[in-house]
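The values are calculated or read from the model by the stated rules, or taken from the named source; none is laboratory data. Being a predicted model, the structure only gives us computed values, none of them experimental. Methodologically, a virtual Cβ is constructed for each residue, glycine included, from the backbone with ideal geometry; neighbour enumeration extends over all protein chains shown. All accessible areas refer to the heavy atoms of the entire protein, side chains included, with ligands and DNA or RNA removed. Shrake-Rupley method; radii C 1.70, N 1.55, O 1.52, S 1.80 Å.
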Amino acid sequence: MKILVTGGLGFIGSHTVVELQNAGYEVVIIDDLSNASEDVLDGIEAITGKRPEFEKLDLRDRNAVSAFFKKYADVSGAIHFAASKAVGESVHKPLLYYENNLSSLVYLLKELTGKASANFIFSSSCTVYGQAEELPITESAPVKPAESPYGNTKQIGEEIIRDTAKVYENFKAIALRYFNPIGAHESVEIGELPLGVPQNLVPFITQTAAGLREELSVFGNDYPTEDGTCVRDYIHVVDLAKAHVKALTRLVESENKSNYEVFNLGTGTGSSVLEVINTFEEVSGVQLPYKIVDRREGDVVAAYADTEHANNELGWKSELTLADALDSAWKWEKKVRGIK
Ligand SMILES: NC(=O)c1ccc[n+]([C@@H]2O[C@H](COP(=O)([O-])OP(=O)(O)OC[C@H]3O[C@@H](n4cnc5c(N)ncnc54)[C@H](O)[C@@H]3O)[C@@H](O)[C@H]2O)c1
(Lines give C-alpha, C1' and ligand atoms only; values in the text may rest on other atoms or scores of the structure.)
Protein backbone atom coordinates (compact mmCIF):
# COMPACT_ATOMS: atom_id res chain seq x y z
CA MET A 1 0.00 0.00 0.00
CA LYS A 2 1.48 3.31 -1.09
CA ILE A 3 1.24 6.30 1.24
CA LEU A 4 2.10 9.91 0.42
CA VAL A 5 4.02 11.64 3.19
CA THR A 6 4.12 15.41 2.65
CA GLY A 7 6.96 17.13 4.49
CA GLY A 8 8.50 13.67 4.78
CA LEU A 9 12.05 15.03 4.91
CA GLY A 10 11.27 17.21 7.93
CA PHE A 11 11.69 16.39 11.61
CA ILE A 12 8.53 14.41 12.41
CA GLY A 13 7.92 13.36 8.81
CA SER A 14 11.29 11.60 8.41
CA HIS A 15 10.84 9.62 11.63
CA THR A 16 7.36 8.63 10.50
CA VAL A 17 8.62 7.47 7.09
CA VAL A 18 11.02 5.15 8.94
CA GLU A 19 8.20 3.65 11.02
CA LEU A 20 5.89 3.35 8.00
CA GLN A 21 8.55 1.49 6.01
CA ASN A 22 9.32 -0.72 9.01
CA ALA A 23 5.61 -1.57 9.15
CA GLY A 24 5.59 -2.57 5.47
CA TYR A 25 4.01 0.53 3.90
CA GLU A 26 5.45 1.90 0.67
CA VAL A 27 6.18 5.60 0.89
CA VAL A 28 6.41 8.45 -1.56
CA ILE A 29 7.55 11.76 -0.10
CA ILE A 30 6.68 15.26 -1.26
CA ASP A 31 8.88 18.02 0.14
CA ASP A 32 9.93 21.39 -1.28
CA LEU A 33 13.12 21.38 0.82
CA SER A 34 12.14 24.76 2.33
CA ASN A 35 13.02 23.42 5.78
CA ALA A 36 14.81 20.15 5.04
CA SER A 37 17.66 18.63 3.08
CA GLU A 38 17.58 15.85 0.52
CA ASP A 39 20.32 14.12 2.56
CA VAL A 40 17.60 12.98 4.94
CA LEU A 41 16.79 10.31 2.33
CA ASP A 42 20.22 8.78 3.02
CA GLY A 43 19.43 8.67 6.74
CA ILE A 44 16.08 6.97 6.14
CA GLU A 45 17.72 4.46 3.81
CA ALA A 46 20.51 3.75 6.31
CA ILE A 47 17.93 2.87 9.00
CA THR A 48 15.35 0.94 6.97
CA GLY A 49 17.43 -0.40 4.07
CA LYS A 50 14.94 1.21 1.71
CA ARG A 51 15.01 4.56 -0.05
CA PRO A 52 11.53 6.03 -0.29
CA GLU A 53 10.41 7.61 -3.54
CA PHE A 54 10.77 11.39 -3.48
CA GLU A 55 9.27 14.28 -5.45
CA LYS A 56 10.56 17.79 -4.86
CA LEU A 57 7.43 19.82 -5.15
CA ASP A 58 5.82 22.90 -3.61
CA LEU A 59 2.31 21.96 -2.49
CA ARG A 60 1.14 25.52 -3.14
CA ASP A 61 1.49 24.70 -6.85
CA ARG A 62 -1.91 23.22 -7.58
CA ASN A 63 -1.01 21.98 -11.07
CA ALA A 64 2.06 20.21 -9.73
CA VAL A 65 -0.05 18.53 -7.03
CA SER A 66 -2.51 17.39 -9.69
CA ALA A 67 0.27 16.04 -11.89
CA PHE A 68 1.71 14.19 -8.88
CA PHE A 69 -1.56 12.36 -8.26
CA LYS A 70 -1.76 11.39 -11.95
CA LYS A 71 1.77 9.98 -11.82
CA TYR A 72 1.20 8.18 -8.51
CA ALA A 73 -2.34 6.92 -9.09
CA ASP A 74 -1.70 4.06 -6.62
CA VAL A 75 -1.41 6.40 -3.60
CA SER A 76 -4.22 5.41 -1.25
CA GLY A 77 -3.61 7.76 1.63
CA ALA A 78 -1.60 10.67 2.88
CA ILE A 79 0.04 11.86 6.06
CA HIS A 80 0.26 15.61 5.79
CA PHE A 81 3.18 17.15 7.70
CA ALA A 82 4.18 19.87 5.25
CA ALA A 83 3.59 23.28 6.78
CA SER A 84 5.38 26.38 7.97
CA LYS A 85 5.67 26.12 11.74
CA ALA A 86 7.39 29.12 13.32
CA VAL A 87 4.79 30.71 15.61
CA GLY A 88 6.60 34.07 15.90
CA GLU A 89 7.21 34.36 12.17
CA SER A 90 3.54 33.66 11.50
CA VAL A 91 2.59 36.81 13.42
CA HIS A 92 4.68 38.90 11.01
CA LYS A 93 3.89 36.93 7.84
CA PRO A 94 0.28 35.79 8.28
CA LEU A 95 -0.45 35.40 4.57
CA LEU A 96 2.56 33.16 4.03
CA TYR A 97 1.22 30.90 6.78
CA TYR A 98 -2.39 30.93 5.59
CA GLU A 99 -1.28 30.19 2.05
CA ASN A 100 1.26 27.51 2.83
CA ASN A 101 -0.68 25.70 5.54
CA LEU A 102 -4.17 25.98 4.10
CA SER A 103 -4.04 26.18 0.30
CA SER A 104 -1.76 23.12 0.24
CA LEU A 105 -4.26 21.28 2.42
CA VAL A 106 -7.18 22.13 0.13
CA TYR A 107 -5.30 21.02 -3.01
CA LEU A 108 -4.43 17.70 -1.39
CA LEU A 109 -7.99 17.11 -0.22
CA LYS A 110 -9.35 17.89 -3.70
CA GLU A 111 -7.17 15.16 -5.15
CA LEU A 112 -7.80 12.61 -2.39
CA THR A 113 -11.58 13.02 -2.36
CA GLY A 114 -11.58 12.30 -6.10
CA LYS A 115 -10.32 8.78 -5.41
CA ALA A 116 -12.46 5.68 -4.84
CA SER A 117 -11.26 5.77 -1.23
CA ALA A 118 -8.63 7.69 0.68
CA ASN A 119 -7.21 7.94 4.18
CA PHE A 120 -5.78 11.13 5.58
CA ILE A 121 -3.76 11.95 8.70
CA PHE A 122 -3.24 15.59 9.67
CA SER A 123 -0.54 17.14 11.88
CA SER A 124 -2.40 19.28 14.35
CA SER A 125 -1.20 20.69 17.62
CA CYS A 126 -2.06 21.09 21.28
CA THR A 127 -1.90 24.84 20.63
CA VAL A 128 -5.59 24.54 19.66
CA TYR A 129 -6.42 24.23 23.39
CA GLY A 130 -4.63 27.44 24.44
CA GLN A 131 -4.47 27.47 28.26
CA ALA A 132 -6.88 24.66 29.05
CA GLU A 133 -8.99 25.00 32.17
CA GLU A 134 -8.43 21.40 33.19
CA LEU A 135 -5.28 19.28 33.18
CA PRO A 136 -4.54 16.78 31.78
CA ILE A 137 -6.15 17.95 28.53
CA THR A 138 -8.72 15.68 26.92
CA GLU A 139 -9.84 15.86 23.29
CA SER A 140 -13.15 17.33 24.42
CA ALA A 141 -11.49 20.41 25.96
CA PRO A 142 -12.71 23.49 24.09
CA VAL A 143 -10.68 24.87 21.21
CA LYS A 144 -9.67 28.41 22.19
CA PRO A 145 -9.25 31.43 19.89
CA ALA A 146 -5.81 31.05 18.35
CA GLU A 147 -2.93 33.15 19.68
CA SER A 148 -1.13 33.26 16.31
CA PRO A 149 -1.79 32.81 12.60
CA TYR A 150 0.16 29.52 12.84
CA GLY A 151 -2.17 28.24 15.57
CA ASN A 152 -5.13 29.44 13.55
CA THR A 153 -4.01 27.41 10.52
CA LYS A 154 -4.19 24.27 12.66
CA GLN A 155 -7.71 25.11 13.87
CA ILE A 156 -8.95 26.04 10.39
CA GLY A 157 -7.15 23.00 8.95
CA GLU A 158 -9.04 20.72 11.33
CA GLU A 159 -12.34 22.39 10.37
CA ILE A 160 -11.64 22.00 6.66
CA ILE A 161 -10.93 18.30 7.12
CA ARG A 162 -13.96 17.77 9.38
CA ASP A 163 -16.27 19.43 6.85
CA THR A 164 -14.75 17.40 4.02
CA ALA A 165 -15.17 14.09 5.87
CA LYS A 166 -18.84 14.96 6.44
CA VAL A 167 -19.70 14.89 2.77
CA TYR A 168 -17.25 12.48 1.13
CA GLU A 169 -18.05 8.96 2.28
CA ASN A 170 -14.95 7.63 0.53
CA PHE A 171 -12.73 9.88 2.67
CA LYS A 172 -11.62 9.13 6.24
CA ALA A 173 -9.42 11.35 8.35
CA ILE A 174 -7.69 11.61 11.69
CA ALA A 175 -6.26 14.80 13.18
CA LEU A 176 -3.40 14.20 15.61
CA ARG A 177 -2.83 16.95 18.15
CA TYR A 178 0.84 16.73 19.08
CA PHE A 179 2.13 18.00 22.37
CA ASN A 180 5.89 18.78 22.31
CA PRO A 181 7.89 16.47 20.01
CA ILE A 182 11.60 16.20 20.81
CA GLY A 183 14.52 13.80 20.35
CA ALA A 184 16.04 11.92 17.44
CA HIS A 185 16.21 8.39 16.07
CA GLU A 186 18.46 6.17 18.22
CA SER A 187 20.62 5.40 15.17
CA VAL A 188 21.42 9.14 15.03
CA GLU A 189 20.85 8.96 11.26
CA ILE A 190 17.97 11.45 11.42
CA GLY A 191 16.94 14.18 13.85
CA GLU A 192 15.78 17.77 14.12
CA LEU A 193 17.53 20.44 12.04
CA PRO A 194 16.06 23.84 12.87
CA LEU A 195 17.01 26.71 10.60
CA GLY A 196 18.36 29.79 12.38
CA VAL A 197 17.66 30.40 16.06
CA PRO A 198 15.61 27.49 17.44
CA GLN A 199 12.08 28.39 18.55
CA ASN A 200 11.76 25.38 20.80
CA LEU A 201 13.40 24.57 24.12
CA VAL A 202 15.25 21.34 23.35
CA PRO A 203 17.08 22.38 20.17
CA PHE A 204 18.02 25.58 21.99
CA ILE A 205 19.40 23.51 24.86
CA THR A 206 21.43 21.21 22.62
CA GLN A 207 22.78 24.14 20.59
CA THR A 208 23.77 25.93 23.79
CA ALA A 209 25.49 22.80 25.08
CA ALA A 210 27.29 22.51 21.73
CA GLY A 211 28.57 26.09 22.11
CA LEU A 212 26.50 27.61 19.29
CA ARG A 213 24.48 29.75 21.68
CA GLU A 214 25.95 31.61 24.59
CA GLU A 215 23.18 31.07 27.05
CA LEU A 216 19.69 29.69 27.41
CA SER A 217 16.89 32.04 28.47
CA VAL A 218 14.21 30.62 30.74
CA PHE A 219 11.11 32.74 30.17
CA GLY A 220 9.68 33.37 33.63
CA ASN A 221 10.00 31.53 36.95
CA ASP A 222 6.95 33.02 38.62
CA TYR A 223 4.27 30.89 37.01
CA PRO A 224 1.87 28.97 39.27
CA THR A 225 3.74 25.67 38.79
CA GLU A 226 5.88 23.68 41.22
CA ASP A 227 9.17 25.43 40.39
CA GLY A 228 7.63 28.51 38.71
CA THR A 229 8.60 27.60 35.13
CA CYS A 230 6.22 26.55 32.34
CA VAL A 231 5.16 22.92 32.09
CA ARG A 232 4.88 20.96 28.83
CA ASP A 233 4.40 17.39 27.68
CA TYR A 234 7.59 16.39 25.85
CA ILE A 235 7.11 13.37 23.63
CA HIS A 236 9.87 11.39 21.92
CA VAL A 237 9.56 11.82 18.15
CA VAL A 238 9.93 8.06 17.60
CA ASP A 239 6.92 7.38 19.84
CA LEU A 240 5.05 10.09 17.96
CA ALA A 241 6.01 8.54 14.61
CA LYS A 242 4.70 5.14 15.73
CA ALA A 243 1.35 6.71 16.61
CA HIS A 244 0.99 7.79 12.97
CA VAL A 245 1.35 4.19 11.83
CA LYS A 246 -1.33 3.15 14.34
CA ALA A 247 -3.65 5.92 13.16
CA LEU A 248 -3.16 5.10 9.49
CA THR A 249 -3.67 1.38 10.09
CA ARG A 250 -6.88 2.17 12.01
CA LEU A 251 -8.24 3.82 8.86
CA VAL A 252 -6.88 1.18 6.49
CA GLU A 253 -8.56 -1.56 8.55
CA SER A 254 -11.76 0.51 8.95
CA GLU A 255 -11.56 0.43 12.72
CA ASN A 256 -12.42 4.13 12.93
CA LYS A 257 -15.63 5.06 14.75
CA SER A 258 -16.38 8.04 12.50
CA ASN A 259 -14.97 9.52 9.31
CA TYR A 260 -13.22 12.24 11.26
CA GLU A 261 -11.48 11.57 14.55
CA VAL A 262 -9.14 13.54 16.80
CA PHE A 263 -6.43 12.21 19.11
CA ASN A 264 -4.03 13.86 21.53
CA LEU A 265 -0.47 12.57 21.26
CA GLY A 266 1.57 13.14 24.38
CA THR A 267 3.09 11.19 27.25
CA GLY A 268 0.55 12.34 29.82
CA THR A 269 3.30 13.78 32.02
CA GLY A 270 4.15 17.44 32.35
CA SER A 271 7.77 18.55 32.79
CA SER A 272 8.89 22.05 33.74
CA VAL A 273 11.61 23.93 31.89
CA LEU A 274 13.94 23.50 34.90
CA GLU A 275 13.24 19.76 34.99
CA VAL A 276 14.17 19.50 31.32
CA ILE A 277 17.39 21.44 31.94
CA ASN A 278 18.30 19.26 34.94
CA THR A 279 17.55 16.04 33.08
CA PHE A 280 19.61 17.24 30.13
CA GLU A 281 22.55 18.03 32.41
CA GLU A 282 22.31 14.55 33.95
CA VAL A 283 22.22 12.64 30.66
CA SER A 284 24.82 14.76 28.86
CA GLY A 285 27.17 15.60 31.71
CA VAL A 286 27.22 19.17 30.35
CA GLN A 287 26.54 22.16 32.61
CA LEU A 288 24.11 24.47 30.80
CA PRO A 289 24.54 28.22 31.12
CA TYR A 290 21.07 29.69 31.60
CA LYS A 291 19.39 32.77 33.02
CA ILE A 292 15.86 33.56 34.10
CA VAL A 293 14.30 36.35 32.03
CA ASP A 294 10.82 37.90 31.76
CA ARG A 295 7.84 35.84 30.73
CA ARG A 296 7.38 35.48 26.97
CA GLU A 297 4.13 36.73 25.48
CA GLY A 298 1.70 34.01 24.46
CA ASP A 299 3.18 31.19 26.58
CA VAL A 300 0.59 29.08 28.37
CA VAL A 301 1.40 28.06 31.95
CA ALA A 302 0.97 24.33 31.66
CA ALA A 303 -0.17 21.79 29.07
CA TYR A 304 -0.06 18.02 29.15
CA ALA A 305 -2.18 15.40 27.48
CA ASP A 306 -4.80 13.04 28.72
CA THR A 307 -3.68 9.99 26.75
CA GLU A 308 -6.59 7.67 27.46
CA HIS A 309 -8.31 8.12 24.09
CA ALA A 310 -5.11 7.31 22.17
CA ASN A 311 -4.30 4.43 24.57
CA ASN A 312 -7.74 2.83 24.22
CA GLU A 313 -8.61 3.54 20.61
CA LEU A 314 -5.24 3.58 18.83
CA GLY A 315 -3.67 0.99 21.12
CA TRP A 316 -0.74 3.37 21.42
CA LYS A 317 1.23 4.60 24.40
CA SER A 318 4.48 6.51 24.55
CA GLU A 319 7.32 4.23 25.68
CA LEU A 320 10.43 6.36 25.75
CA THR A 321 11.31 8.72 28.60
CA LEU A 322 12.30 12.38 28.75
CA ALA A 323 15.88 11.25 29.49
CA ASP A 324 15.84 8.96 26.39
CA ALA A 325 14.65 11.84 24.23
CA LEU A 326 17.21 14.33 25.58
CA ASP A 327 20.00 11.79 25.26
CA SER A 328 19.13 11.15 21.60
CA ALA A 329 18.75 14.89 20.89
CA TRP A 330 22.20 15.50 22.36
CA LYS A 331 23.82 12.64 20.41
CA TRP A 332 22.23 14.04 17.23
CA GLU A 333 23.46 17.59 17.94
CA LYS A 334 26.98 16.27 18.58
CA LYS A 335 26.93 14.32 15.32
CA VAL A 336 25.72 17.34 13.32
CA ARG A 337 28.37 19.60 14.89
CA GLY A 338 31.16 17.03 14.70
CA ILE A 339 31.62 16.94 18.50
CA LYS A 340 33.11 13.75 19.97
N1 LIG B 1 7.63 20.21 15.80
C2 LIG B 1 6.65 20.60 16.59
O3 LIG B 1 6.90 21.03 17.73
C4 LIG B 1 5.20 20.48 16.16
C5 LIG B 1 4.18 20.54 17.12
C6 LIG B 1 2.84 20.43 16.71
C7 LIG B 1 2.55 20.29 15.35
N8 LIG B 1 3.57 20.25 14.44
C9 LIG B 1 3.23 20.12 13.01
O10 LIG B 1 3.81 18.92 12.53
C11 LIG B 1 4.17 19.06 11.17
C12 LIG B 1 5.62 18.67 10.97
O13 LIG B 1 6.45 19.47 11.81
P14 LIG B 1 8.02 19.33 11.83
O15 LIG B 1 8.48 19.76 13.18
O16 LIG B 1 8.42 18.00 11.31
O17 LIG B 1 8.40 20.48 10.79
P18 LIG B 1 9.53 20.52 9.66
O19 LIG B 1 9.66 21.94 9.23
O20 LIG B 1 10.75 19.81 10.12
O21 LIG B 1 8.84 19.66 8.49
C22 LIG B 1 7.94 20.22 7.57
C23 LIG B 1 8.43 19.85 6.18
O24 LIG B 1 7.50 20.34 5.21
C25 LIG B 1 8.22 20.89 4.13
N26 LIG B 1 7.32 21.89 3.50
C27 LIG B 1 6.89 23.06 4.04
N28 LIG B 1 6.09 23.71 3.17
C29 LIG B 1 6.01 22.92 2.06
C30 LIG B 1 5.34 23.04 0.81
N31 LIG B 1 4.61 24.11 0.50
N32 LIG B 1 5.47 22.05 -0.10
C33 LIG B 1 6.22 20.96 0.19
N34 LIG B 1 6.88 20.79 1.35
C35 LIG B 1 6.78 21.77 2.27
C36 LIG B 1 9.51 21.46 4.72
O37 LIG B 1 10.56 21.54 3.79
C38 LIG B 1 9.80 20.45 5.84
O39 LIG B 1 10.64 19.40 5.39
C40 LIG B 1 3.86 20.51 10.80
O41 LIG B 1 2.58 20.54 10.20
C42 LIG B 1 3.83 21.21 12.14
O43 LIG B 1 3.01 22.34 12.11
C44 LIG B 1 4.88 20.32 14.81
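The H on the amide N of residue 265, modeled in the peptide plane, is under 5 Å from the matching H of 177, 178, 179, each at least 5 residues off or on a different chain. Three principal axis extents describe the C-alpha atoms of region 133-237; from largest down they are 53, 39, 25 Å.
In the chain, inverting the average of 1/r over every pair of distinct C-alpha atoms gives 20.3 Å as the Kirkwood radius.
Could you give the size of the charge dipole of region 1-137 about its Cα centre, using +1 on the Cβ of each K and R and -1 on the Cβ of each D and E, expressed in debye and rounded to the nearest 20?
That gives a dipole near 440 debye.
Output the relative contact order of the chain, whole-number percent, from Cα pairs under 8 angstrom with separation of 6+ residues. Please list the in-between numbers first.
Working: 663 pairs, mean separation 65.3, N = 340.
Once divided by the residue count of the chain, the mean separation gives 19 percent.
Average accessible surface for region 78-209: 42 Å² per residue, computed with a 1.4 Å probe over protein heavy atoms with every protein chain in place. When only Cα pairs below 8 angstrom with a gap of at least 6 residues are kept, region 119-191 shows a relative contact order of 42 percent. Sorting 198-205, 230-237 by their mean Cβ neighbour count within 10 Å, with the most densely packed peptide first, gives 230-237, 198-205.
Give the carbon-plus-sulfur fraction of the accessible surface of region 217-340 in %, rounded to a whole number; probe 1.4 Å, heavy atoms of protein chains only.
Numbers: 2620 of 5860 Å².
Of the solvent-accessible surface of region 217-340, carbon and sulfur hold 45 percent.
In this rough spin-label picture, where each label sits 7 Å from Cα along the Cβ direction, the residue 295-residue 186 distance is 4.1 nm.
With respect to the chain, whose longest principal axis is taken over its alpha-carbon atoms, helix 273-284 is tilted by about 90°.
For region 231-315, the solvent-accessible area of protein heavy atoms averages 43 Å² per residue (probe radius 1.4 Å; ligands and nucleic acids excluded). Dipole magnitude for the chain: about 900 debye, using +1 per Lys or Arg Cβ and -1 per Asp or Glu Cβ, origin at the Cα centre. Take the Cβ atoms of residue 311 and residue 74, set R0 to 35 Å, and the FRET efficiency comes out at 0.60.
Here the peptides 168-175, 35-42 are ranked by packing, the mean other Cβ count within 10 Å, and the order with the highest first is 168-175, 35-42.
Any idea what the relative contact order of region 12-84 is, in percent, if you count C-alpha pairs under 8 Å spaced at least 6 apart?
Numbers: 54 pairs, mean separation 22.1, N = 73.
Contact order relative to length: 30 percent.
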